[in-house]
Amino acid sequence: LSLDSAVTDAPAIAPIESSRRRGASFELWSWYFMRISGLILLFLALGHFAITHILNDVAKTNSGFVARRWENPLWRIYDWLLLSLGLLHGLNGLRFIMDDYIHSSAKRATTKAIVYSVTTGLFLYGTLTVITYKA
Amino acid sequence: VKASVYRGKSGQWAFIAHRISGFLVMMFLLMHVVDVSTIHNPRLYNEIHELYSRFLLRLFEVGLLAALVFHSLNGWRIVMVDFFPGVIKREKEVLTAVLFLTALATIIGGYIIIKPEFIH
């Protein structure tokens with residue numbers, strides 16, 4: 001679009017405006033997402049920690065413990081929700097951190113590519129683990 | 001080149017602590033997906049998870065609890081300030097409550113997490 005406007009000498013205001021609006025609506029959506037997912041994660045994450053460290057001694061959370069818990073599909077859904085919401089909330093937080101502290105745009109793009117790939121890979125790996133596990 | 005540094009008050013420290021605790025919990029989560037996924041090989045899973053009950057790792061878990069509780073409660077404080085305009089006037093008291101509850105949960109939870117180390 002910027003090339004077109006340079007060639008035709010047309011005002012470049014319209015495309016910039018629309019891309020800005022798109023960016024703003026994404027950030028607004030991201031802002032709501034952090035608050036809503038955060039409120040859900042408050043219960044999911046603290047609940048998970050309470051089960052594995054407070055209500056049970058961590059020494060007892062062996063493979064048998066997981067087998068008993070994952071017999072019930074509701075616990076698999078609970079764990080998968082914690083996995084996906086946690087990773088997405090955490091990834092968006094890492095995005096803020098990278099935007100704020102990595103000033104070189106080349107380095108920022110590279111770091112983001114690595115962070116997004118690793119997180120996506122681990123999301124798929126974790127999802128596969130929760131779905132395919134058989135005691 | 002001398003950069004100017006913004007010297008905020010309690011809210012700025014809450015912001016910094018929120019970032020650091022969130023970053024640490026995310027790093028743990030990324031690692032935790034890998035260690036849980038060894039469940040397909042129960043013997044390997046048990047070997048790795050035996051580490052979680054070592055004293056040093058129990059201390060780490062108390063730290064994880066502190067980061068998790070602080071990030072949760074401070075996040076809840078942020079939501080309160082954003083959606084209920086009246087809360088901003090009592091912003092400092094709310095932050096004090098967040099810190100107090102974080103300390104309380106960490107002390108009680110930490111006691112429960114560390115205790116098995118001393119009663120074998």
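Inside segment B:61-88, can you point out the residues that are hydrophobic (A, V, I, L, M, F, W, C), free of Cβ contacts under 8 Å to residues at least 24 places away in the same chain and touching a helix residue (DSSP H, G or I) at 6+ places or on another chain (Cβ under 9 Å)? Step through it out loud before you land on a result.
To start, the set of residues in segment B:61-88 that are hydrophobic (A, V, I, L, M, F, W, C) comprises B:62, B:64-70, B:73, B:76, B:78-81, B:83-84, B:87-88.
Retained after the next criterion (residues that are free of Cβ contacts under 8 Å to residues at least 24 places away in the same chain): B:76, B:79-81, B:83-84, B:87-88.
Scanning segment B:61-88 gives B:W76, B:V79, B:M80, B:V81, B:F83, B:V87, B:I88.
Which numbered condition trips up B:A14, out of (1) without any contact (Cβ under 8 Å) to a residue 24 or more places away in the chain; (2) under 30 Å from B:V98 (Cα atoms)?
Condition not satisfied by B:A14: (1).
For A:K60, which of the numbered conditions (1) basic (K, R); (2) more than 9 Å from every other protein chain (Cβ to nearest Cβ); (3) surrounded by fewer than 16 Cβ atoms within 10 Å (Cβ to Cβ) fails to hold?
Condition (2) is where A:K60 drops out.
Out of the helices (runs of 4 or more DSSP H) lying entirely within segment A:31-135, which hold 1 or more residues that are touching a Pro at 6+ places or on another chain (Cβ under 9 Å)?
On the way: elements: A:63-69, A:73-101, A:105-132.
Counting at least 1 such residues, we get A:63-69.
In segment B:47-60, what residues are touching a residue at least 24 places away in the same chain (Cβ under 8 Å) and either at the interface with another protein chain (Cβ under 7 Å from one of its Cβ atoms) or of a type outside the set (A, V, I, L, M, F, W, C) (or both)? Break it down into steps so the answer makes sense when it comes.
Of segment B:47-60, the ones touching a residue at least 24 places away in the same chain (Cβ under 8 Å) are B:53, B:55, B:58-59.
Once the filter is applied, which keeps residues that are touching a residue at least 24 places away in the same chain (Cβ under 8 Å) and either at the interface with another protein chain (Cβ under 7 Å from one of its Cβ atoms) or of a type outside the set (A, V, I, L, M, F, W, C) (or both), segment B:47-60 yields B:S53, B:R58.
B:T106: farther than 25 Å from A:L85 by Cβ, polar (S, T, N, Q) and more than 10 Å from chain A (Cβ to nearest Cβ), yes or no? So that I can check it myself, show each step before the final result.
On the way: farther than 25 Å from A:L85 by Cβ: no; polar (S, T, N, Q): yes; more than 10 Å from chain A (Cβ to nearest Cβ): yes.
Judged against the criteria, B:T106 is not a match.
Do the conditions hold for B:H40, that is, is it of a type outside the set (A, V, I, L, M, F, W, C), out of contact with any Asp or Glu (no Cβ under 8 Å at 6 or more places or on another chain) and surrounded by 13 or more Cβ atoms within 10 Å (Cβ to Cβ)?
On the way: of a type outside the set (A, V, I, L, M, F, W, C): yes; out of contact with any Asp or Glu (no Cβ under 8 Å at 6 or more places or on another chain): yes; surrounded by 13 or more Cβ atoms within 10 Å (Cβ to Cβ): yes.
Considered against the rule, which asks whether it is of a type outside the set (A, V, I, L, M, F, W, C), out of contact with any Asp or Glu (no Cβ under 8 Å at 6 or more places or on another chain) and surrounded by 13 or more Cβ atoms within 10 Å (Cβ to Cβ), B:H40 comes out as yes.
Can you tell me which residue among B:V87, B:V79 is facing chain A (nearest Cβ under 8 Å) and either more than 16 Å from B:F23 (Cβ to Cβ) or surrounded by fewer than 19 Cβ atoms within 10 Å (Cβ to Cβ) (or both)? It would help to see each step written out before you state the result.
On the way: B:V87 fails: facing chain A (nearest Cβ under 8 Å).
So the residue among B:V87, B:V79 that is facing chain A (nearest Cβ under 8 Å) and either more than 16 Å from B:F23 (Cβ to Cβ) or surrounded by fewer than 19 Cβ atoms within 10 Å (Cβ to Cβ) (or both) is B:V79.
Restricting to segment B:1-32, name every residue that is in a helix (DSSP H, G or I) and of a type in the set (V, I, T).
Passing the criteria: B:I16, B:I20, B:V25.
If I filter segment B:15-26 for residues that are among the aromatic types (F, W, Y) and under 20 Å from A:V130 (Cβ atoms), do I get at least one hit?
Going residue by residue through segment B:15-26, those that are among the aromatic types (F, W, Y) are B:15, B:23.
Next, from what is left, pick out any that are under 20 Å from A:V130 (Cβ atoms): none.
Scanning segment B:15-26, I find no residue that is among the aromatic types (F, W, Y) and under 20 Å from A:V130 (Cβ atoms), so the answer is no.
Does at least one position in segment B:33-41 carry a residue that is within 9 Å of chain A (Cβ to nearest Cβ), of a type outside the set (V, I, T) and part of a helix (DSSP H, G or I)?
yes
Which pairs do you get when a residue that is in contact (Cβ under 8 Å) with a residue 40 or more places away in the chain, found in segment B:96-120, comes within reach of a residue that is loosely packed, with under 15 Cβ neighbours inside 10 Å, reach meaning Cβ atoms under 6 angstrom, with the pair 6+ apart or on two chains?
Close Cβ pairs (under 6 Å, with a partner that is loosely packed, with under 15 Cβ neighbours inside 10 Å) amount to B:E117/B:F55.
Filter segment B:85-112 down to residues that are within 16 Å of B:G11 (Cβ to Cβ) and either among the aliphatic types (A, V, I, L, M) or at pLDDT below 95 (or both), then give me how many there are.
Taking segment B:85-112 and keeping what is within 16 Å of B:G11 (Cβ to Cβ), we get B:85, B:87-99.
Cutting the leftovers down to either among the aliphatic types (A, V, I, L, M) or at pLDDT below 95 (or both) gives us B:85, B:87-95, B:97-99.
Residues in segment B:85-112 being within 16 Å of B:G11 (Cβ to Cβ) and either among the aliphatic types (A, V, I, L, M) or at pLDDT below 95 (or both): 13 in total.
Would you confirm whether or not segment A:71-78 contains a residue that is more than 10 Å from chain B (Cβ to nearest Cβ), in contact (Cβ under 8 Å) with a residue 60 or more places away in the chain and over 17 Å from B:S21 (Cα atoms)? Break it down into steps so the answer makes sense when it comes.
Taking segment A:71-78 as the starting set, the residues that turn out to be more than 10 Å from chain B (Cβ to nearest Cβ) are A:71-78.
After this cut, where a residue has to be in contact (Cβ under 8 Å) with a residue 60 or more places away in the chain as well, the list is A:71.
After this cut, where a residue has to be over 17 Å from B:S21 (Cα atoms) as well, the list is A:71.
There is at least one residue in segment A:71-78 that is more than 10 Å from chain B (Cβ to nearest Cβ), in contact (Cβ under 8 Å) with a residue 60 or more places away in the chain and over 17 Å from B:S21 (Cα atoms).
On the given criteria, is B:L29 surrounded by fewer than 18 Cβ atoms within 10 Å (Cβ to Cβ), in contact with a helix residue (DSSP H, G or I) (Cβ under 6 Å, 6 or more places away or on another chain) and at pLDDT 95 or above? Working first, answer last.
Working: surrounded by fewer than 18 Cβ atoms within 10 Å (Cβ to Cβ): no; in contact with a helix residue (DSSP H, G or I) (Cβ under 6 Å, 6 or more places away or on another chain): yes; at pLDDT 95 or above: yes.
No: the conditions fail for B:L29.
So is B:V98 touching a Lys or Arg at 6+ places or on another chain (Cβ under 6 Å) and either within 30 Å of A:Y101 (Cα to Cα) or facing chain A (nearest Cβ under 10 Å) (or both) or not?
Working: touching a Lys or Arg at 6+ places or on another chain (Cβ under 6 Å): yes; either within 30 Å of A:Y101 (Cα to Cα) or facing chain A (nearest Cβ under 10 Å) (or both): yes.
When the stated conditions are applied, B:V98 passes them.
The values are calculated or read from the model by the stated rules, or taken from the named source; none is laboratory data. All values reported here derive from a predicted model rather than from experimental measurement. Every residue, glycine as well, gets a Cβ built from its backbone with ideal geometry; the counts of neighbours run over all protein chains shown.
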